[in-house]
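**Q** Structure provided below as C-alpha cells; questions to follow.
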Amino acid sequence: MSERGAKIREISERLLKEGKIDMVIGFRKGTLPMMNEPCLVKSPEDVKNLVWDSNCGINLAKYLIGRKEKIGVVAKGCDSRNIVTHLIENKIKRDQLFIIGVPCEGMIDRRKIASMFEKEIKEVAEEKNKIIVRGSGFEKILEKSEVLQKNCAICIHRNPVIYDELAADIVKEQKNVDRYKDVRQIESMPPEEKRDYFNDLLSPCIRCYACRNACPLCYCPTCFVDESRPQWVGKGIDLTDIKTFHFLRAYHCAGRCTDCGACERACPLGIDVRAFTMKLEKDCFELYGWEAGMSKDERPPLDTYRPDDPNDFFK
Amino acid sequence: MGFSINNQQSTINNPKWEPKIVAFLCNWCSYGAADLAGISRLQYPPNIRVIRVPCTGRMSPKFILSAFMNGADGVWVSGCHPGDCHYLEGNYYARRKLSLFKGLMEHMGIESDRLHFSWISSAEGTKFAEMANKVTKAVRDAGPANYFAKKISILKTKVA
Ligand code: SF4
Ligand code: SF4
Ligand code: FES
C-alpha cells in the first residue's frame, strides 16, 4: 500500500518538476481515521502530502470536470472508467491528462468498521490484507476482505482501463463475482414489498444531496432538483419527492455509472443508494451488453440504438 | 404544476372510482390513430387523457413521474412503429430510454400493469381502440395508484 504511495509521489514529483503538468489530483491523509481527502498538489514540495491506502474511495474523476489545466490524476479502476466517461462526454480532453493508474485492492467500509466497535476509533493502520483498528484501550486486527466497501467486494475492474503510467503491478481481477445478487433479491419481491423496501430505505434521507455532489457523473449546470418551471420534484422531505429525486438521480446515471460507490460513501445516513444504480447497471448489461467506461470509442447505451433492440415492453 | 388530475382523490373504498390514465401520443402516428378511431366511431373508454408529443423521442422520464405524482393511475406511451419515426430514429432511442425506465419503476414497486408502451401508426385506428381498452382494463384491475401520488396534507384532511 505505502509502496503505491511512494510511487505516486515519485511520479508526481517528476511530472511537476519537468513541467509536464500544472497539478496533481490525488489523496492526502484526512483529519479523521478512514477519511482520506482529495487534494490538489501544484508544487513539487507539496508532493509529500500524497498518500495511498484503503481509504481512497472518493472518485477523483469528479474534480476533472471542465478543468483547463494539465492535470496528473491518480486513478484506481473505477476512477479511470469515469475518466473514460468524461472523455466521451467532452468534460475534459485526453491530452490534458496524465493518468497515474493505481491497480486497486479495494477500499474499506468505514461505517461497517465503526459499527463493530463501541468506543471511538482513533487510528486505523493496514498491513497486507489486515486492517488494524486502535482506540483508547483496544486494538483489533480485521481481515480486509471482510470489511470492504460493498461495491468493492463485487468489483471486477480493479485495474485502470486507461493510464499513462502505473503506480504498481496489475492486480488479479476478481472472478466469478455475482454482481447482481442484491438486485435479484429485490426483483423477486412482490410490488408492495418493493415499495415498503424503498420507503424504509429512503425514510432517513434528509435531501442533503451529498450523494449527488460526490458523483462524478453529476455536473449539470442546473440539476433537475433545482428546476422550477416546471418543478419536477418538490424540495422537502415528502416521501414521494424523495423517491422521485432518487429515481431521477439514478436514471441520469443509467449507462454511465461505474459503481464506484462514491454516492453511498458520501451519504451521512449510510443509505444504500446503490440499490437504484445497480438495477440500471444490470439492465444495461442484460439488455444492451454494456459496461460503462470501458472504451472511449463506443457510444453509451442511451446515445445509440440497434434496430433489433429488445422490444418486449412494447405492444 | 400546470395541469393537475389530483382533484378527485380516489380510494379503494370508492365504488365510483375510475382509473385516470395519461396517454402520451406521438403527433405523427398514435395521435392520428386516436383521431381515426374517433372518426370511425370505435368505442374506447373515456379514462384516457391524451397529451400530444412531437415524437416518442421527446419523452422524458420526468413526464411520466410527474403524471403519477399528480395522481395518474396509469401511463401509456405510444409512437410510430420502429423504422417509421418521422424523425427517423426518435423511437429507437425512446425504446431504450423507456425500457430502462420501466425496469427501474417496477424495481421500486410500481405494478407492470400501470405502464404501457405501444407502436401504433396513424392508419391503425382499430389497434388504438383495442389498446385503449386493454390499457384501461389493466389499470382498472391494478386499482388506484395512490402510493405514488403526492399527498399534500390539506388534501389528505379533506379526503378523510
Ligand atoms: S470499485 Fe473497484 S476499482 Fe473502485 S475502489 Fe472498489 S475495488 Fe477499487
Ligand atoms: S446523501 Fe443520503 S441523505 Fe443526502 S440526499 Fe443522498 S441519500 Fe439522502
Ligand atoms: S415521430 Fe412518432 S415516434 Fe418519432
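The values are calculated or read from the model by the stated rules, or taken from the named source; none is laboratory data. Only a predicted model underlies this, so the values are computations on that prediction, with no experimental measurement involved. Cβ atoms come from the backbone with ideal geometry, glycine included; neighbour counts cover every protein chain shown. In case anyone asks, the SASA skips ligands and DNA or RNA and just uses the protein heavy atoms, side chains included. Shrake-Rupley method; radii C 1.70, N 1.55, O 1.52, S 1.80 Å.
**Q** One quarter of the convex hull surface, Cα atoms only: what value does that give for region A:178-303 in nm²?
**A** 8.6
**Q** How large is the helix-only mean residue ellipticity at 222 nm for chain A, computed as the sum of -39500 (n - 2.57) over DSSP H runs with n ≥ 4, divided by its residue count, in deg cm²/dmol to the nearest 500? Present the calculation step by step, with values, prior to reporting the outcome.
**A** Numbers: 10 runs with 96 residues, N = 315.
After summing the helix terms and dividing by the residues of chain A, the value is -9000 deg cm²/dmol.
**Q** Could you size up the charge dipole of region A:259-315 around its Cα centre, putting +1 on the beta carbon of Lys and Arg and -1 on that of Asp and Glu, and report it in debye to the nearest 20?
**A** Approximately 180 debye in magnitude.
**Q** What's the carbon and sulfur percent of region B:73-126's accessible surface, probe 1.4 angstrom, rounded to a whole number?
**A** Details: 710 of 1480 Å².
Taking all protein chains in place, region B:73-126 shows 48 percent carbon and sulfur surface.
**Q** Search the structure for amide H atoms under 5 Å from the amide H of B:V53, placed 1.01 Å from N in the peptide plane, and list their residues when 5 or more places away or on another chain.
**A** Residues meeting the criterion, in which the H sits 1.01 Å from N, are B:L25, B:C26, B:N27.
**Q** Taking springs between alpha-carbon atoms closer than 10 angstrom, which of A:I11, A:I58, A:I162 fluctuates most in the Gaussian network model of chain A?
**A** Judging by the Gaussian network model, the answer is A:I11.
**Q** Expressed as an acute angle from 0 to 90° and rounded to the nearest 10, what is the orientation of the C-alpha long axis of helix B:90-107 relative to the principal long axis of chain B?
**A** Once rounded, one gets 30 degrees.
**Q** Based on the inverse mean of 1/r over its pairs of different Cα atoms, what is the Kirkwood hydrodynamic radius of region B:5-142, in Å?
**A** 15.1
**Q** Let me ask something additional. For region A:207-253, what are the per-bin percents of Cα-Cα distances with bins 5 Å wide, up to the bin holding the maximum?
**A** Each 5 Å bin holds this share of Cα pairs: 5, 21, 34, 28, 11, 1.
**Q** If you put +1 on each Lys and Arg Cβ and -1 on each Asp and Glu Cβ, how big is the dipole of the protein assembly as shown around its Cα centre, in Debye rounded to 20?
**A** Using only the charged Cβ atoms, the result is roughly 980 debye.
**Q** Find out how many positive minus negative residues lie around B:A72, taking Lys and Arg as positive, Asp and Glu as negative, among other residues whose Cβ is under 11 Å from that of B:A72.
**A** Details: positive: B:K20, B:R49, B:R114; negative: B:D73.
Summing Lys and Arg as +1 and Asp and Glu as -1 gives +2.
**Q** Going down the table (A:K70/A:K144; A:K150/B:K102; A:K119/A:K243; A:K181/A:K315; A:K48/A:K93), which pairs top 32 Å between alpha carbons? Present the calculation step by step, with values, prior to reporting the outcome.
**A** Values: A:K70/A:K144 35 Å; A:K150/B:K102 26 Å; A:K119/A:K243 35 Å; A:K181/A:K315 30 Å; A:K48/A:K93 27 Å.
Where the Cα-Cα span goes over 32 Å, the pairs concerned are A:K70/A:K144; A:K119/A:K243.
**Q** Over chain A, with a Gaussian network built from C-alpha contacts below 10 Å, which listed residue (A:C104, A:C253, A:C220) shows the highest mean-square fluctuation?
**A** A:C220
**Q** Provide a whole-number value for the mean count of partner chain Cβ atoms within 10 Å of the Cβ atoms in peptide B:88-99.
**A** The per-residue average across the peptide is 5.
**Q** Same structure again: To the nearest 20 debye, what charge dipole does region B:5-142 have about its Cα centre, counting +1 at the Cβ of each Lys and Arg and -1 at the Cβ of each Asp and Glu?
**A** 200
**Q** Just to check, using Stokes-Einstein with a Kirkwood Rh over alpha carbon pairs, what's the diffusion coefficient of the protein assembly as shown at 25 °C and 0.890 mPa s in µm²/s?
**A** Roughly 100 µm²/s, to the nearest whole number.
**Q** Taking each residue in B:108-116, count the Cβ atoms of any other chain within 10 Å of its Cβ, then average. What number comes out?
**A** 5
**Q** Tell me whether region A:265-313 comes out rounded, prolate or oblate; compute the Cα gyration tensor, take square roots of the eigenvalues as a ≥ b ≥ c, and use a/c under 1.5 as the rounded threshold. Walk me through the intermediate numbers first.
**A** Numbers: a/c = 3.65, a/b = 1.79, b/c = 2.04.
Note, shape of region A:265-313 comes out oblate.
**Q** Turning to a different aspect of this structure: How big is the B-A contact in terms of buried accessible area, both chains counted, 1.4 Å probe, rounded to the nearest 100 Å²? Numbers along the way, then the final one.
**A** Details: alone 9090 and 16820 Å², together 21850 Å².
It comes to approximately 4100 Å² buried between B and A.
**Q** A follow-up question, please. Please list A:D79, A:D182, A:D312 from largest to smallest accessible area, probe radius 1.4 Å, with all protein chains kept in place.
**A** Heavy-atom accessible area, descending, gives A:D312, A:D182, A:D79.
**Q** Using only alpha carbon pairs under 8 Å that are at least six residues apart, calculate the relative contact order of region B:5-142 and give it in whole percent.
**A** Here the relative contact order equals 36 percent.
**Q** Given a 1.4 Å probe and heavy atoms of the protein chains only, how would you sort A:W52, A:W232, largest accessible area at the top?
**A** Details: A:W52 15, A:W232 40 Å².
Sorted descending by solvent-accessible area, the residues read A:W232, A:W52.
**Q** Here's a follow-up. Among A:S203, A:C215, A:I162, whose Cα lies farthest out toward the positive end of the dipole of region A:149-305, if unit charges sit on the beta carbon of Lys, Arg (+1) and Asp, Glu (-1)?
**A** So the residue furthest toward the plus end is A:S203.
**Q** Given a 1.4 Å probe and heavy atoms of the protein chains only, how would you sort A:E18, B:E124, A:E45, largest accessible area at the top? Could the numbers behind the result be given before it?
**A** Working: A:E18 100, B:E124 55, A:E45 125 Å².
Output order, biggest surface exposure first: A:E45, A:E18, B:E124.
**Q** Right, here's the next one. Can you list residues from other chains, or at least 5 along the same chain, whose modelled amide H is less than 5 Å from the amide H of A:Q149?
**A** Residues meeting the criterion, in which the H sits 1.01 Å from N, are A:M107, A:I108, A:D109.
**Q** Within 10 Å of each Cβ of A:196-202, how many other protein chain Cβ atoms are there on average?
**A** Per residue, the average neighbour count from other chains is 2.
**Q** Right, another one. Which percent of the accessible heavy-atom area of chain A goes to carbon and sulfur, probe 1.4 angstrom?
**A** 49
**Q** Using a 1.4 angstrom probe, figure out how much accessible area the protein assembly as shown has per residue, in square angstrom, rounded to the nearest whole.
**A** On the way: 21850 Å² over 475 residues.
Spelled out: the 1.4 Å probe surface of the protein assembly as shown, per residue, equals 46 Å².
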